[in-house]
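Some notes on the structure that comes next.
The values are calculated or read from the model by the stated rules, or taken from the named source; none is laboratory data. Keep in mind that this is a model prediction, so the values were computed, not measured. Neighbour counts are summed over all protein chains in view; Cβ atoms, including those assigned to glycine, are modelled from backbone coordinates with ideal geometry.
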Amino acid sequence: MSKFVQVTTTVNGENVSRSVEPRTNLVDFVRYDLELTGSHVGCEHGVCGACTIRLNGEIVRGCLVLAAQADGGVVETIEGLSESGKISDLQDSFLTRNAGQCGSCTPGMLLTADSLLEENKAPTRTEIREYISGNYCRCTGFEAIVDAIEMTSKKRRGGS
Amino acid sequence: MKPSNFDYVKPKTLEETLTLLGDGGRDSVVLAGGQSLMPTLNMRLSAPDLLVDINGLDELSGVKLEGNQIRIGALTRHVEVENSSVIAENCPLIALAMPHIAHPAIRNRGTFGGSIALADPAAELPACICALGAKIEIVGPGGDRKIVAKDFFKDLYETDLKDGEIVTAVEIPVTSSKTKIAFDELSRRHGDYAMAGLAVNAIMEGKKIENISICFFAISATPVLAEGAAGILNNGILDDDSLGKAIQQLESDLDPLPDLYASRALKMHYAKELLKRNLESWMS
Ligand code: FES
Ligand code: FES
């Protein structure tokens, strides 16, 4: 069996093909092989959510999926979501509410919040907290993060 | 940490999968959702030399209603089960348990069969399927077989699965109009591992319990059916007296395994409290 596997996938709309060690996880793949360092790495065992990436339209733990498993799939990272403008209002709210401090958890929080708002247009604060419960902010700024997500959802619904 | 190196193969058929797993010369493991396997690899708690990725086996995926059984394919993701109307209508106990399993990003990958095959003592689904009297379908070198859920879980992370076998599906009897269920767990934060949990499946005629299964998780090495307590409640009216006796009976039904956070006595207290809270709510 070969020491490398070929991964051919779409990352933020671009086709990429790389040969990687089977053990390479998806977040290391985007960070090291593709130099997209917006996705962060914290615990490497699925607890912190810093590595959140979208795979085939769903958020996943980048540290718990192999790059090889993204073969033939569609990968989106914080870079892609930022550049497309899809989450610019969410990013503005994070700025306004000062919801990013050191910024380590922020990319993961943004992807998770974006996924929540896709599923639920009007989440309550409790629902927001539940949904982001798998994303840790070690600066502990959860209140501001919940504020920012709530603010975005209200704005999207035409409120203030 | 990073895992040690391994080979990776993604078979296209079940047959091919069994051949790969049956190669006794290799230390191989099945990669399904990976939400428990990947952490153990990343932390080098295990270092297999071959990962057999079964995510290409579409036939193992999906929820189907077949007569009076629901068949959940082993590769069905938690998120699919959570959003399935078949499950919501025919197996509300599983529907109730799903949001307790980790977090959305993990439920997008984690699989039903993976949770069963891993047999984590704090996992929700093994306890639910024991309470529901489900059967587990297994395929291996010796052919197909089915096993009742409660006989499948042997010890801490130990199941009845033999070398080269994999779980392919779980069959759950559909609920009846007289079904009454409860699911509850104690955990520090939402989505964290349970400190103690309870899954109950009963057939009730008014206040009378015709048949009840009470299964605890995160109490011992495997899910535990409290058969003595169930015996006390079966064929009787649920009231303070019968519930009190059933709770007392947990002293003999359960043999809690203390962990870093809870002594044996504290685990027993959790178990009693869970049963009390949940069945009391049925009385009001
Ligand atoms: S780095 Fe993936 S969850 Fe922490
Ligand atoms: S802003 Fe520092 S970890 Fe969240």
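Here are a few things to note about the model shown:
- When restricted to residues that are surrounded by 15 or more Cβ atoms within 10 Å (Cβ to Cβ), in a loop (DSSP other than H, G, I, E, B) and either among the basic types (Lys, Arg) or more than 16 Å from ligand 2 (Cβ to nearest atom) (or both), the range A:50-62 contains 1.
- Residues (farther than 25 Å from B:Ala262 by Cα and either under 25 Å from the mean Cα position of the chain (by Cα) or of a type in the set (A, V, I, L, M, F, W, C) (or both)) located in the range B:231-247: B:Gly231, B:Ile232, B:Leu233, B:Asn234, B:Ile237, B:Leu238
- So B:Leu14, is it more than 11 Å from every other protein chain (Cβ to nearest Cβ), out of contact with any strand residue (DSSP E or B) (no Cβ under 6 Å at 6 or more places or on another chain), surrounded by fewer than 23 Cβ atoms within 10 Å (Cβ to Cβ) and not charged (D, E, K, R): yes
- Leading residue by the ranking (farthest from the other protein chains (Cβ to nearest Cβ)) among those in the range A:25-49 that are surrounded by fewer than 21 Cβ atoms within 10 Å (Cβ to Cβ) and hydroxyl-bearing (Ser, Thr, Tyr): A:Thr37
- Matching residues in the range A:38-47 - criterion: being over 12 Å from the mean Cα position of the chain (by Cα) and either of a type outside the set (Gly, Ala, Ser) or more than 6 Å from ligand 1 (Cβ to nearest atom) (or both): A:Cys43, A:Glu44, A:His45, A:Val47
- Tally, over the range A:124-137, of residues that are within 16 Å of ligand 1 (Cβ to nearest atom), modelled with pLDDT of 95 or more and either out of contact with any helix residue (DSSP H, G or I) (no Cβ under 8 Å at 6 or more places or on another chain) or hydrophobic (A, V, I, L, M, F, W, C) (or both): 3
- Cβ pairs under 6 Å, 6+ apart, first in the range A:103-114 and closer than 15 Å to A:Val60 by Cα and more than 11 Å from ligand 2 (Cβ to nearest atom), second polar (S, T, N, Q) and modelled with pLDDT of 95 or more: A:Leu111/A:Thr52; A:Thr112/A:Thr52; A:Thr112/A:Asn135
- Top-ranked residue of the range A:63-75 - restricted to ones that are more than 6 Å from ligand 1 (Cβ to nearest atom) and free of Cβ contacts under 8 Å to residues at least 60 places away in the same chain, ranked as nearest to the other protein chains (Cβ to nearest Cβ): A:Leu64
- Taking residues in the range B:163-180 that are assigned by TED's automatic domain parsing to the domain that holds B:Ser85, and partners anywhere that are among the small types (Gly, Ala, Ser) and surrounded by fewer than 19 Cβ atoms within 10 Å (Cβ to Cβ), the pairs with Cβ atoms closer than 6 Å and at least 6 places apart or on different chains are B:Gly164/B:Gly22; B:Gly164/B:Gly140; B:Glu165/B:Gly140.
- Given (1) within 16 Å of the chain's Cα centre (by Cα); (2) away from chain B (no Cβ under 14 Å), number of the condition A:Arg54 does not satisfy: (2)
- Selection within the range B:17-36 - touching a residue at least 24 places away in the same chain (Cβ under 8 Å), within 13 Å of chain A (Cβ to nearest Cβ) and under 24 Å from the mean Cα position of the chain (by Cα): B:Ser28, B:Leu31, B:Ala32, B:Gly33, B:Gly34, B:Gln35, B:Ser36
- Single unsatisfied condition, A:Val7 versus (1) within 12 Å of chain B (Cβ to nearest Cβ); (2) closer than 30 Å to B:Tyr193 by Cα: (2)
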